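Visitor: This is the structure, below, for whatever I ask next.
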Amino acid sequence: MSEQSLRAPSSVAGLARRLGRERVWLTVAGILLLLVLTEPPQASASLRFVLVELWSIAPFLLLSVASAAWLKAAGADRLIARVVGLSPGLAILAGAALGALSPFCSCGVVPIVAALLTVGVPLPAVMAFWIASPLMDPEMFLLMVPIVGLQFTLAKTAAAIAMGLLSGGTVWALQRRGLLADALKAGPKGCGGCGGPKLPSGETRWAFWREAPRRALFGAEAASAGAFLMKWLALAFLLESLMIAWLPQELVAETLGGQGPWTILLAGLVGVPAYLNGYAAVPLIARLLDGGMAPGAALTFMLAGGASSIPAAMAVWALVKRPVFALYLGLALAGSVLCGFLFQAVAG
């Protein structure tokens, strides 16, 4: 058999592996191509939406990627993991509180979470931050008070922290029983953990640029994490654009209007898969409340939609393994429904 015939299968296998690694970009291209063929105006609108959203999130993306790569190159990831691991309870509390005060949406928080996981922050604290972060921030608080009232706004703020604590505490309890030991998929670990450049020693060197191996690790880590997050966020924003176009708010209003305990559960079930931008949701919720919607159902819908909408869930799927992903969705639904029932009992 000739050398050329031996090389051909190897080349085909290599091409297949490369295509497999780029399946996310192929999915994005496939969706856009299908839109071009069937709905050209929507294809243009979706592409513009993706580019605008990626541009708006670029500062967070660059900051998180650079920070994670810097900590990795400096050798500080092990130090951070040891410090945070000294008090899991305080780490969960800090994650929930900081999450509720941070100005990140459900997709905007993903680069930050990826950076935290990459440098070794324990999953319970990260999950508390992850769940709480897209639910409330200072700007949303100020926007909600004049539109839906102080009581509802305070309830949503308290619910964001409570859901963070519930999520982090649940993950901590499961890990103490030997579960969820390996949460991350291979992608977010970066090149430094999969055969790339290695640190010359276990010492922490904050001025990493003074050593060539650490500079190489920084570049490899930043390139790997940046490419990984960029493709998944592009897919998430593309799906988000389609949901905005094809999921009318009037349909949501008709489905969730009314009173009763079943409305609260339905609000959670609808809110988990439905896109709901936190700021755009405020006038919608105000209209539903004026039309007679139960306060608990309104709160549940805002919480479930903010924490685990499909664009955000796509990004979570990219970062963690299936059991953690399923737990993430379950905690978002259970926490939002529980908070809705509690608020209904107080305000109903």
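Visitor: Highest mean first, how do 217-230, 25-38 rank when packing is the count of other Cβ atoms within 10 Å averaged over residues?
Guide: Result, highest mean first: 217-230, 25-38.
Visitor: Related question: Apply 1/(1 + (r/R0)^6) to the Cβ-Cβ distance of residue 326 and residue 54, taking R0 = 22 Å, and write down the FRET efficiency to the nearest 0.05.
Guide: With R0 = 22 Å, the Cβ-Cβ based efficiency is 0.20.
Visitor: Could you compute the FRET efficiency for residue 212 and residue 34, with r as their C-beta to C-beta distance and R0 at 56 Å, rounded to 0.05? Please list the in-between numbers first.
Guide: Working: r = 47 Å, r/R0 = 0.83.
E(calc), rounded to 0.05, equals 0.75.
Visitor: Treat each spin label as a single point 7 Å out from the Cα along the C-beta direction, and report the residue 66 to residue 223 distance in nm.
Guide: That separation, rounded to one decimal, is 1.9 nm.
Visitor: Please compute the modelled spin-label separation between residue 90 and residue 150, points set 7 Å along Cα→Cβ, answer in nm with one decimal.
Guide: Distance between the two pseudo-spin positions: 3.4 nm.
Visitor: All other residues with a Cβ under 12 Å from the Cβ of residue 323 taken together, and with Lys, Arg as +1 and Asp, Glu as -1, what is their net charge?
Guide: +2
Visitor: Next question, about the same structure. Add +1 for every Lys or Arg and -1 for every Asp or Glu among the other residues with Cβ under 10 Å from the Cβ of residue 205, and state the total.
Guide: Counting the neighbours of residue 205, the net charge comes to 0.
Where a number appears in this text, it was derived from the coordinates with a stated rule and is not lab data. What you see is a predicted model; the values in this text were computed from it and never measured. Using ideal geometry, Cβ is built from the backbone for each residue, glycine included, and neighbour counts are taken over all protein chains shown.
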